[in-house]
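Remarks on the structure that follows.
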There are 2 protein chains.
Amino acid sequence: MVERRTPIQIGEAVKKVMEYKLEGSTEFVSINDSYGRFLSDDLKATSDVPHFDRAPYDGYAVRSEDTRGAAQTSPVKFEVIDHIGAGMVSDKTIGPFQAVRIMTGAQMPEGSDAVVMLELTKEAEEADGKFMFVKRVHQKGENISFRGEDAKEGEVLVKKGTFINPGIQAMLATFGYATVPVARKPIVGLYATGTELLEVGDPLEPGKIRNSNSYMISAQVQRAGAEVRYFGQLPDDFETCYEAVRAAIGGVDIFITTGGVSVGDFDYLPQIYEKLGAEVLFNKVAVRPGSVTTVAQLHGKLLFGLSGNPSACYVGFELFARPIIRTMLCSDKPHLRKERARLEADFPKANPFTRFVRSALTIQDGKLIVTPSGLDKSNIIMSLAGANSLMILPGGTRGFERGMKVEVLMLEDQTGSDWPW
Amino acid sequence: MVERRTPIQIGEAVKKVMEYKLEGSTEFVSINDSYGRFLSDDLKATSDVPHFDRAPYDGYAVRSEDTRGAAQTSPVKFEVIDHIGAGMVSDKTIGPFQAVRIMTGAQMPEGSDAVVMLELTKEAEEADGKFMFVKRVHQKGENISFRGEDAKEGEVLVKKGTFINPGIQAMLATFGYATVPVARKPIVGLYATGTELLEVGDPLEPGKIRNSNSYMISAQVQRAGAEVRYFGQLPDDFETCYEAVRAAIGGVDIFITTGGVSVGDFDYLPQIYEKLGAEVLFNKVAVRPGSVTTVAQLHGKLLFGLSGNPSACYVGFELFARPIIRTMLCSDKPHLRKERARLEADFPKANPFTRFVRSALTIQDGKLIVTPSGLDKSNIIMSLAGANSLMILPGGTRGFERGMKVEVLMLEDQTGSDWPW
C-alpha cells in the first residue's frame with residue numbers, strides 16, 4: 001500500500017517554510033570572538049577616520065607659504081624645531097621657516113599645512129641647531145591625510161547581517177567596538193532515526209550502517225552559522241521516537257530529524273507530527289533527491305523531517321533549513337547564492353523532476369564551469385565530499401548537454417541570494 | 001637620511017620564505033570537532049560501501065528466475081514469508097515463489113537476487129498467509145545496491161591536506177573515524193608595535209589611533225586555519241620591543257609583528273632582528289602596498305615583520321604568511337587561488353610596481369568580474385571590509401582599462417594554488 005502524497009514545486013515549498021522564519025536576536029561578544037559571526041546591527045563610524053590631520057609619509061611638516069620661491073637652484077632653509085613619530089604630538093607651533101621632522105601617521109603640528117617628503121630634503125647639522133633645505137614649492141594641504149578623509153563620524157560603514165571578515169574586524173577595532181553586537185546563533189536540535197544505524201565507533205554488523213547523516217548535518221549547521229544540539233540516534237519505533245522528539249523540541253530554535261519520513265513501513269515521522277499536533281507544510285516536493293522531505297510547524301517552530309538518504313538529507317537541509325538559519329543570523333540574502341555556469345557533462349536522460357546534482361564548480365579563464373562531483377546515485381555519499389555546489393537541472397522532457405548554461409547554487413559562499421526560485 | 005634597501009620581486013620573495021616552511025604534524029580530534037579542519041592523512045575506505053547487498057527501494061526481495069513468464073496478463077504469485085526494514089536482517093532463506101517484503105536500505109535476504117518495487121506489485125491477504133503478485137519479468141541483480149558499489153575497502157577517497165567539509169564528515173562517520181587525524185593548527189605569535197596605538201576599549205587621544213591590525217591579522221590567521229597567540233601592544237622603544245620579541249618567539253611556530261619595519265626614525269624591527277641574530281630574507285619587495293614587508297628567519301623559525309599600515313599588513317600576511325600556514329596544514333596548494341577576471345574599473349596611471357588592489361570579485365552571467373572594493377589609498381581600512389580578493393596589476397609603463405583581463409587572488413577560498421607567481 002503506497003501512501004499518496006501530492007508533490008509541490010520547490011519555490012512554493014521554500015516559500016511555505018519562510019512564512020515561519022524567526023527574527024534574529026542580538027548577543028554581545030568580545031571583539032576577540034567576533035570573526036566569522038554575523039553583525040546584528042549596522043557598523044557605524046564612532047569617530048572620523050583619521051580623527052586628526054596626519055602625515056602620510058616620513059618628512060618635514062612646514063608652512064607651505066615658506067616654500068614659495070624654493071627651487072633646485074635656490075633651496076629654502078628651515079630650522080628643525082622638533083622630531084615626532086606616530087603617536088607623539090609636538091608641543092611646538094611652527095613659525096616662519098620652521099619645520100618639525102615627522103614620521104608617517106603622526107599628527108600635523110600646530111601651524112603646519114604641508115609635508116615635505118624626506119626624499120626631497122637635504123639635512124644639515126650646524127652649530128646653532130638642525131636645519132633642512134627644500135628645493136620645491138609645496139601647496140597648502142600637500143601630503144596631508146585630512147581628518148575624516150576615510151570615514152565620517154556617524155556613517156554606516158557595514159550593514160547588519162554581514163559576515164564579519166578580517167577587514168570588518170579591523171573596522172570594529174578602529175571604532176572601539178570592544179564588544180560586538182552579533183546575531184545569536186540559532187540552536188538546531190538534531191535526532192537521527194533508523195534501526196539500521198550504528199554509532200561511528202561501532203564495528204560493522206550485517207544489515208547495519210554507521211550513522212553518517214548526523215555528522216554531515218552538524219557540519220552543514222555550522223557552515224550555515226548555527227549551533228547544533230545533537231540528541232543521538234533513535235530506532236524506528238514509534239513510541240520511543242515520539243517521546244524523544246516531544247521532549248527535545250522545547251529547548252531548540254529549529255528541530256531536525258533524519259530518516260523516517262518516507263512511505264516505508266517503519267517511517268514514523270508523519271505519525272509523530274500528527275500526534276504532536278504539528279501542521280505539515282508539505283511532505284513531498286517535486287525534486288530529486290529529497291522528494292520526501294517533510295516540513296512541519298508546531299506553535300511557529302519549524303520541524304524539518306529530512307530523508308535518511310544522505311544526498312536527500314544534504315540537499316533538503318540546504319534548500320529548506322539553511323535560509324531559516326541565515327534569516328535568524330540577520331541576513332537579507334538567506335538563500336544559497338545562485339549563479340550560471342557552463343555544464344561540462346551530458347545528462348541525456350530527461351527527468352520529470354527538477355534535479356539538484358552535487359557538483360564541483362570551478363573556474364576556467366574567468367568563466368564558471370560545473371561538473372557532477374560523483375556518480376549521481378542518491379545513496380552515494382562519496383559525491384558529497386567533492387561538492388561545492390548544487391547544479392539545478394529543471395525537470396522536463398529533454399536532457400542536458402555539455403556546453404549548456406545551467407544554474408548552480410554555491411555551498412561555500414557567504415554572499416547568499418534573496419530569492420533564487 | 002633614507003636607508004637604501006634593494007627591492008626583490010614578489011615571486012622571489014615568496015620563494016625565499018617557502019624555503020623555511022615547516023612540515024605539518026598530526027593531532028587526533030573527535031569527529032565532533034573535525035569539521036573545518038584539514039586532513040593530515042588520506043581518508044581511506046575501511047570497508048566496502050555498502051558492506052552488504054541492499055535494497056535501494058521499498059519492495060519485495062525475490063528470486064529473479066521465479067518472475068520468468070510474469071506479464072500483465074499472467075501475474076506470478078509469491079508467498080510473503082518475512083518483512084524487514086533497514087537495519088533488520090531476515091533469518092529466512094527465500095525459496096521458489098517466496099518473497100520478503102523489504103524496505104529501502106535493508107540487507108537482501110538469503111536466496112534473493114532481485115527486488116520488485118512496491119509500485120509494481122499487488123498484495124493479497126489470504127487465509128493461509130500473505131501473498132503478492134508480480135506482473136513483469138525481473139533480471140538477476142535488478143534493483144540491488146551491491147556490496148562495494150560505492151567504495152571498495154582500502155581505496156583512498158580523500159587526500160591528505162583537504163579541508164573537511166560536511167560531505168567529508170559524512171565519509172569519516174561512514175568509515176568509523178571516531179577520531180580524525182587532522183593537521184595541528186600552527187600557533188602564530190603576534191605583537192603589534194607602535195607608540196600611536198590605543199587599546200580597542202580606549203577613548204581616542206590626540207595623535208593616537210586604536211590598534212586595528214591585531215584584530216585584522218588574528219582574523220586572517222584564523223581564516224588561514226591557524227591559531228593566534230596575541231601578546232599585546234608595544235611602544236616604539238628598542239629595548240622594550242627587543243625583550244618582548246625575544247621572549248615570545250620560543251613558544252610559537254610562526255611569529256608576526258605589525259609596524260616598525262619601515263625606514264622611519266622609530267622603526268626598530270630591523271635592529272631587533274639584527275640583535276637577535278636573525279637572518280633577514282628580504283626587507284623590501286617591489287609591490288604596492290607592502291613594500292617594506294620584512295621576513296627573517298631565526299634557527300629556521302620565520303619572523304614576519306608586517307607593515308603597520310593596515311592595507312600593507314593585510315596583503316603582506318596573505319602573500320607571505322598564509323602559504324606557510326597552509327603548508328603546515330598539509331596542503332600542497334598553500335597559496336591563494338589565482339583566477340582571471342574582467343576588470344570593471346580604469347587605472348589610467350601607470351605604476352612601476354606590481355599592485356595588489358583590494359577588490360570585490362563578483363560573477364555576472366557566469367563570468368568573473370572584479371572591481372576595487374574601495375578607494376585604494378594604502379591607509380584606508382574601509383576597503384578591506386568589502387574585499388574578497390586582491391587584484392594583481394603588474395608594474396609597468398601603462399595603465400589598465402575597464403574590460404581588460406586581470407589576475408585575481410581569492411581570499412575566501414579553500415582551493416588554493418600551488419604556485420601563483
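Averaged over the residues of A:196-206, the number of partner chain Cβ atoms lying within 10 Å of the residue Cβ comes to 5.
DSSP beta bridges fully contained in the protein assembly as shown are about 70 percent antiparallel. Local charge for A:Gln220 was computed over the other residues whose Cβ lies under 9 Å away, with Lys and Arg +1 and Asp and Glu -1, and equals +1. The rotation axis bringing chain B onto chain A passes closest to the chain B residue reported with its distance as B:Lys367, 3, by C-beta distance in whole Å. Of all DSSP beta bridges confined to the stretch B:310-406, the antiparallel ones make up roughly 90%. Using the Cβ-Cβ distance between B:Thr397 and B:Thr240 with R0 set to 51 Å, the FRET efficiency works out to roughly 0.70. Between the beta carbons of B:Trp419 and A:Ala178, assuming R0 = 60 Å, the FRET efficiency works out to 0.90 to the nearest 0.05.
Of all the options A:Lys152, A:Lys185, A:Lys349, the one that moves most in a Gaussian network model of chain A with Cα springs shorter than 10 angstrom is A:Lys349. Averaging the Cα positions of each part gives two centres, and for the stretch B:385-421 and the stretch B:78-126 these lie 60 Å apart. Note on A:359-371: average number of Cβ atoms from other chains within 10 Å of each residue's Cβ is 4.
With the helix formula -39500 (n - 2.57) applied to DSSP H stretches of n ≥ 4, chain B reaches a computed 222 nm mean residue ellipticity of -4500 deg cm²/dmol. For a straight C-alpha distance cut-off of 17 angstrom, the aspartates and glutamates reachable from B:Lys405 (same-chain residues fewer than eight places away being disregarded) are A:Asp365, B:Glu339, B:Glu344, B:Asp346, B:Asp365.
Using a probe of 1.4 Å on the protein chains alone, the accessible area found for A:His83 is around 80 Å². Among the GluC sites (Glu not before Pro) within the stretch A:1-61, those in coil by DSSP and having at most 13 neighbouring Cβ atoms inside 10 Å are A:Glu3, A:Glu19, A:Glu23. Each copy carries B:Lys135; placing its label point 7 Å along the C-beta direction from Cα gives inter-copy distances of 10.2 nm, listed from smallest up.
Descending by average beta-carbon neighbour count within 10 Å, the peptides B:269-280, A:357-368, A:308-319 line up as A:308-319, A:357-368, B:269-280, the highest first.
Measuring between their Cα centroids, the stretch A:319-379 and the stretch B:276-325 lie 39 Å from each other. Taking 32 Å as the limit for the C-alpha separation, the pairs A:Lys44/A:Lys185; A:Lys130/B:Lys15; B:Lys160/B:Lys338; A:Lys333/B:Lys21; A:Lys338/B:Lys338 exceed it in the case of A:Lys130/B:Lys15; A:Lys333/B:Lys21.
With label points defined 7 Å past Cα in the direction of Cβ, position B:Gly395 shows copy-to-copy spacings of 6.0 nm, given to one decimal and shortest first.
Quote to one decimal, in nm, the extra length available between A:Val89 and A:Leu276 on full extension: 0.36 nm per residue of separation minus the C-alpha distance between them. The A:Val89-A:Leu276 span can extend by a further 60.3 nm.
Distances, shortest first, from the label point of B:Pro75 to those at the same position in the other copies read 10.8 nm; the point lies 7 Å along Cα to C-beta.
A:Glu407 sits among other residues whose Cβ lies under 10 Å from its own Cβ, and their net charge, with Lys and Arg +1 and Asp and Glu -1, is +2.
Partner shielding of B:278-284 amounts to 0, given as the average count of beta-carbon atoms from other chains within 10 Å of each residue beta-carbon.
Taking 22 Å as R0, compute the FRET efficiency from the Cβ-Cβ separation of B:Glu23 and B:His299 and round it to 0.05. Don't skip to the answer; put the middle values down first.
Working: r = 16 Å, r/R0 = 0.72.
Taking R0 as 22 Å, the efficiency between B:Glu23 and B:His299 is 0.90.
In this structure the amide hydrogen of A:Arg210, modeled in the peptide plane, comes within under 5 Å of the amide hydrogens of A:Leu198, none closer than 5 places in sequence on its chain.
Starting from the Cα of B:Lys405, move 7 Å in the Cα-to-Cβ direction to define the label point; list residues of the stretch B:311-340 whose amide nitrogen is under 16 Å from there. Residues B:338-340 qualify, since their backbone N sits under 16 Å from the label point.
The values are calculated or read from the model by the stated rules, or taken from the named source; none is laboratory data. All figures in this text were calculated on a predicted structure; none of them were measured in a lab. When we count neighbours, we look across all protein chains shown, and the Cβ atoms used for this are built from the backbone with ideal geometry, even at glycine. Surface areas here come from the heavy atoms of the whole protein model, side chains and all, with no ligands, DNA or RNA. Shrake-Rupley method; radii C 1.70, N 1.55, O 1.52, S 1.80 Å.
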